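Notes for the one structure printed next.
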Amino acid sequence: MKVYLDNNATTKVDEKVLEAMLPYFGEVYGNPSSMHGFGQESNKAMEEARKTIADILGVEASELVFTASGTESDNMAIRGVARAYKRRGNHIITSCIEHPAVRNTCKDLEKEGYEVTYLSVDENGLVDLEELKAAIKRETILITVMHANNEIGTIQPIEEIAKIANEKKIVFHTDAVQSAGKLKLKPKEMGIDLLTISGHKFYGPKGMGLLYIKQGTRLGKVITGGGQERKRRPGTSDVPGIVGMATALKAAVAHQEEECKRLSELRDYFEEELLKKVPEIVINAKGAPRLPGTSSVTFKYLEGESILLSLNYKGIAVSSGSACSSDELQASHVLLGIGIPVEFAHGTIRFSLGKYNTKEEIDYVLAELPPIIERLRMISPLWGEFVNK
Amino acid sequence: MKVYLDNNATTKVDEKVLEAMLPYFGEVYGNPSSMHGFGQESNKAMEEARKTIADILGVEASELVFTASGTESDNMAIRGVARAYKRRGNHIITSCIEHPAVRNTCKDLEKEGYEVTYLSVDENGLVDLEELKAAIKRETILITVMHANNEIGTIQPIEEIAKIANEKKIVFHTDAVQSAGKLKLKPKEMGIDLLTISGHKFYGPKGMGLLYIKQGTRLGKVITGGGQERKRRPGTSDVPGIVGMATALKAAVAHQEEECKRLSELRDYFEEELLKKVPEIVINAKGAPRLPGTSSVTFKYLEGESILLSLNYKGIAVSSGSACSSDELQASHVLLGIGIPVEFAHGTIRFSLGKYNTKEEIDYVLAELPPIIERLRMISPLWGEFVNK
Amino acid sequence: MQYSEKVMDHFMNPRNSGVIENPDGYGKVGSPSCGDVMEIFLKIEDDIIKDVKFRTFGCASAIATSSISTEMILEKNVSEALELTNKAVAEALDGLPPVKMHCSVLAEEAIKAAIEDYMSKK
Ligand SMILES: Cc1ncc(COP(=O)(O)O)c(C=O)c1O
Ligand SMILES: Cc1ncc(COP(=O)(O)O)c(C=O)c1O
Ligand code: FES
Ligand code: FES
């Protein structure tokens, strides 16, 4: 049996999404910037896709810019504000559990002379609104706090954060890569100025991102070139990708409520059974509002890679930490951020469920996982010390 | 009849390319950064694609970075060198006929305090090597001159430019977006340090770019985030796009010589017949080595858009200037750069032929175009003045 | 950017294009280097425009606005013709893309120039 439980890393492209994309490779292939019929046909498809997404988000189509990834959108937002509002101030506020696309961009801006405050989070991964308020200074030009965390699933109170930002007239950006298609996302109602989405997290194509830019928000340029995307993001538009992202988002929100309910129940079932079957584990961020399909489990006295590979041997795909940092061997800053001791952070596995996962698959994992943990603990000196205590 | 003669703007995705991409949407969909089998399978495909391209270019796979467009690669190269070599100098040399991805990036860097020399070109669009030599200063950190021009097709003597750059130990970047799959591209032999390619110009997917970075060339970061592409370009890898680009480049070079010959002949036939049938036209850059399928024609006393739309009415797709600048109403900097008077620059049309174009199609254009020009000239006051002279 | 069908119709089949020998009023505006030049020729009897012809060097929008505005002033009194605005011309064409609005000014200006020429000769 093959079970893919790494849907927070990326998802399978939905058949219907691929179908919608297909005509834009070899049939309607014109450059949407071209004036002739071939180009205008592509342009029409692109603008329809933009309108589809705008309607879902409840924003104007002209407020949306297509990019090539969530990472690029995050960079455009953060670097863009940093540059455009430089005269007004140099202070940025973010949380300590952001995705590297936000975190490393903030770190990079520190080298350029910006000052960044990294808000702490509680054991559930939630930022403290009082700490946020206290961190705001006259020089604060940007608050960027993610909507839902990719590793532990924690959903931040972004409407309240937005309210604080709006009152102080500070630009508010949120990385909604993990929440798009899963949670309510209405930037206007929620007070969001800049919002990042990535296509491949909701059964759409890889290499497609989106940035919502509230009308009137100034952004400096990260990449320069031709006049595409109203001169905000140059490079020939990836029409199939754009059409695919719109199709995928539409499909995701169409079944959002039922699917969230189903996934939450499946995830809760998994966690309850796991707690029964395996001793000395911690379900992270269990006390916070969480993404429906995300389950971060710390297996004490073990190291994540060994669990990951043992599960992989059984056809089960999970992640230890986030995929992007799997080349790095440090413990995840998110897990450390919620106060997990380093040695336990290393033993944390993320199970991220998606729309193609079934109860049968979860039962298979529940059958295969306990013996793996037992076997690995048998050879772990830390486990040995623990049981001898 | 529908005739697509805008292959320099973008190309139809080859059926075989699309076929090669298909499995990576819904079957092999893992994130190549993931450690599990789903991810490793994707990773394998990605690394095979990288190796394919590396072999074609005669470089190491580790010297290639996948990006999302030619524009992004150009930015990475130019901004990257500007940042990494800032301490050594602040002077950049480029030509006055670069694509906006290079030109506007240089202009943007001027605002940041860099000094840029824009080399002039002769009436064929060729830079002058003596002018280049004279422009080099102690502060020069980068020479970026495009391989082949997108509007007029002129091929620059980049091996000689590279030689001059190498002697002075200045980093040399070339935008090879228009030449990839058409001309010899061997960075090592040719002395190139940084080289930009874009997938959608040789029957590959849109939204895919590549940057060759010669081992040892330092580059500052444009976008920050996760650790993908050996930490040089973050964002989840677009596996289908990567596979598609490699497949397309392989197919292009496999038939490169025959196809170049066929296209050159077709283009020459088109130009000769056109010169016979339509008075008062100029074939631009005719005296220079040119891309095989590119024909830039100035129809005196007319304005390009009216020709473009009249041709479009007959199903023929061409471009006036480059697609990226079609929203801008100024005359093309490339045409002005080669010394075409402004009023004639406005009347310039680019016919760019590709592998799917046939002699029948060219004959159709040769039949439809002359009456269009005649009709438009009948209502042009400039033509009226000219014939009355 | 997309033109309305009406723009395309007037662009592909311009009305009243050509010249009038010895016109009663003649106007020429624009410059080749800006990419647009327009000429208007008027035949006028008792202040009524009896015939009008134009020639235009310019984009599709410039040609279409030239064409439709000649239709709009034909058989009109010169004072009425002077009131023609570029907005009215654009509306008659079912709108123009924003970046092309300036092209419609050309027609208005050329007609004004031609009528002024007629007035000055009177
Ligand atoms: C010479 C040249 N450089 C760069 C680009 C930009 O490539 P892309 O559209 O993939 O960003 C193009 C084409 O648009 C080009 O012709
Ligand atoms: C929260 C979050 N932000 C940003 C990203 C980056 O998105 P992309 O991989 O499309 O660049 C990801 C996923 O990788 C993510 O989970
Ligand atoms: S023991 Fe292998 S990474 Fe530390
Ligand atoms: S006449 Fe200049 S753009 Fe229309």
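Residue-wise test of (1) within 16 Å of ligand 2 (Cβ to nearest atom); (2) among the acidic types (Asp, Glu); (3) at positive phi; (4) crowded, with 24+ Cβ neighbours inside 10 Å.
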site: C:LYS6; (1), (2), (3), (4): no, no, no, no
site: C:HIS10; (1), (2), (3), (4): no, no, no, yes
site: C:GLY27; (1), (2), (3), (4): no, no, no, no
site: C:GLU39; (1), (2), (3), (4): no, yes, no, yes
site: C:ASP51; (1), (2), (3), (4): no, yes, no, no
site: C:PHE54; (1), (2), (3), (4): no, no, no, yes
site: C:ILE63; (1), (2), (3), (4): no, no, no, yes
site: C:SER69; (1), (2), (3), (4): no, no, no, yes
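Identify all residues within the stretch C:63-106 that are touching a residue at least 40 places away in the same chain (Cβ under 8 Å), out of contact with any helix residue (DSSP H, G or I) (no Cβ under 7 Å at 6 or more places or on another chain) and not hydroxyl-bearing (Ser, Thr, Tyr); write none if there are none.
Correct list: C:GLU71, C:LEU74, C:GLY95, C:PRO97, C:VAL99.
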(request) Scan the stretch B:245-262 residue by residue and report those that are more than 22 Å from B:ARG290 (Cβ to Cβ) and surrounded by fewer than 17 Cβ atoms within 10 Å (Cβ to Cβ). (result) B:ALA254
(request) Quick one: B:ARG83 ticks every box in (1) open to solvent by less than 10 Å² (accessible area, probe 1.4 Å); (2) assigned to a helix (DSSP H, G or I) except a single one, so which number is it? (result) (1)
(request) Identify, by number, the condition in (1) more than 16 Å from ligand 3 (Cβ to nearest atom); (2) open to solvent by 10 Å² or more (accessible area, probe 1.4 Å); (3) at the interface with another protein chain (Cβ under 8 Å from one of its Cβ atoms) that B:MET35 doesn't meet. (result) (1)
(message) Can you confirm whether B:ARG267 is of a type in the set (Lys, Arg) and buried (at least 23 other Cβ atoms within 10 Å of the Cβ)?
(response) yes
(request) Determine which single condition A:THR94 fails, assuming it passes every other condition in (1) open to solvent by less than 10 Å² (accessible area, probe 1.4 Å); (2) polar (S, T, N, Q); (3) without any contact (Cβ under 8 Å) to a residue 40 or more places away in the chain. (result) (3)
(message) Filter the stretch A:60-76 down to the residues that are within 16 Å of ligand 1 (Cβ to nearest atom) and surrounded by fewer than 24 Cβ atoms within 10 Å (Cβ to Cβ) and list them by number.
(response) A:VAL65
(request) Return the only residue of A:THR140, A:THR144 being surrounded by 16 or more Cβ atoms within 10 Å (Cβ to Cβ) and touching a Ser or Thr at 6+ places or on another chain (Cβ under 7 Å). (result) A:THR144
(message) Please go through the stretch B:21-32 and give me each residue that is open to solvent by 30 Å² or more (accessible area, probe 1.4 Å) and more than 9 Å from chain A (Cβ to nearest Cβ), ordered by number.
(response) B:PRO23
(request) Consider B:MET76 carefully, then state whether it is more than 30 Å from B:ASN357 (Cα to Cα) and in contact with a Pro (Cβ under 9 Å, 6 or more places away or on another chain). (result) no
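Yes or no, residue by residue, for (1) touching an Asp or Glu at 6+ places or on another chain (Cβ under 7 Å); (2) crowded, with 24+ Cβ neighbours inside 10 Å; (3) farther than 21 Å from A:ALA61 by Cβ; (4) not small (Gly, Ala, Ser):
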{"site": "A:THR174", "(1), (2), (3), (4)": "no, yes, no, yes"}
{"site": "A:LYS184", "(1), (2), (3), (4)": "no, no, no, yes"}
{"site": "A:ILE192", "(1), (2), (3), (4)": "no, yes, no, yes"}
{"site": "A:ILE197", "(1), (2), (3), (4)": "no, yes, no, yes"}
{"site": "A:TYR203", "(1), (2), (3), (4)": "yes, yes, yes, yes"}
(message) Can you find, within the stretch A:1-20, the residue that is surrounded by the most Cβ atoms within 10 Å (Cβ to Cβ) among those that are among the acidic types (Asp, Glu) and not in a loop (DSSP other than H, G, I, E, B)?
(response) A:ASP6
(request) Would you point out which residue out of A:SER73, A:SER95 is touching a helix residue (DSSP H, G or I) at 6+ places or on another chain (Cβ under 9 Å), within 30 Å of B:ARG233 (Cβ to Cβ), away from every other protein chain (no Cβ under 14 Å) and within 12 Å of ligand 2 (Cβ to nearest atom)? (result) A:SER95
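Yes/no matrix, rows are residues, columns are (1) β-branched (Val, Ile, Thr); (2) buried (at least 23 other Cβ atoms within 10 Å of the Cβ); (3) on the phi < 0 side of the Ramachandran plot:
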{"site": "A:VAL334", "(1), (2), (3)": "yes, yes, yes"}
{"site": "A:ILE338", "(1), (2), (3)": "yes, yes, yes"}
{"site": "A:VAL342", "(1), (2), (3)": "yes, no, yes"}
{"site": "A:ARG350", "(1), (2), (3)": "no, yes, yes"}
{"site": "A:GLY354", "(1), (2), (3)": "no, no, yes"}
{"site": "A:ASN357", "(1), (2), (3)": "no, no, yes"}
{"site": "A:ILE362", "(1), (2), (3)": "yes, no, yes"}
{"site": "A:LEU366", "(1), (2), (3)": "no, no, yes"}
{"site": "A:PRO370", "(1), (2), (3)": "no, no, yes"}
(request) May I ask you to verify whether A:LYS12 is of a type outside the set (A, V, I, L, M, F, W, C), under 22 Å from A:GLY199 (Cβ atoms), away from ligand 2 (no atom under 14 Å from the Cβ) and facing chain B (nearest Cβ under 9 Å)? (result) yes
(message) Yes or no: the stretch B:264-283 includes at least one residue that is within 14 Å of B:PHE351 (Cα to Cα) and within 14 Å of chain C (Cβ to nearest Cβ).
(response) no
(message) Within the stretch A:98-119, take every residue that is more than 14 Å from every other protein chain (Cβ to nearest Cβ) and either within 24 Å of B:SER73 (Cβ to Cβ) or not charged (D, E, K, R) (or both) and give me the one that is surrounded by the most Cβ atoms within 10 Å (Cβ to Cβ).
(response) A:LEU119
(message) Given (1) within 9 Å of chain A (Cβ to nearest Cβ); (2) closer than 30 Å to B:PHE351 by Cα; (3) buried (at least 22 other Cβ atoms within 10 Å of the Cβ), identify the lone condition not met by B:LEU57.
(response) (1)
(message) What's the total number of residues in the stretch B:39-53 that are free of Cβ contacts under 8 Å to residues at least 24 places away in the same chain and open to solvent by 30 Å² or more (accessible area, probe 1.4 Å)?
(response) 6
(request) Mind listing whichever residues of the stretch B:222-242 are modelled with pLDDT under 95, facing another protein chain (nearest Cβ under 7 Å) and more than 16 Å from A:SER73 (Cβ to Cβ)? (result) B:GLY227
(request) Could you tell me which numbered condition B:PRO32 fails, if it satisfies all but one of (1) away from ligand 1 (no atom under 16 Å from the Cβ); (2) farther than 30 Å from A:VAL3 by Cβ? (result) (2)
(request) Could you please give the count of residues in the stretch C:17-37 that are within 10 Å of chain B (Cβ to nearest Cβ) and at pLDDT 95 or above? (result) 4
(request) Considering only residues that are of a type in the set (Gly, Ala, Ser) and closer than 20 Å to B:TRP383 by Cβ, look in the stretch C:12-25 and name the one that is least open to solvent (accessible area, probe 1.4 Å). (result) C:GLY18
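The values are calculated or read from the model by the stated rules, or taken from the named source; none is laboratory data. This one's a predicted model, so the numbers in the text were calculated from it and none came from an experiment. Reconstructed Cβ throughout: ideal geometry from the backbone, glycine too, with neighbour counts over all protein chains shown. When the accessible area is computed, the model is the full protein with side chains, heavy atoms only, and any ligands, DNA or RNA have been set aside. Shrake-Rupley method; radii C 1.70, N 1.55, O 1.52, S 1.80 Å.
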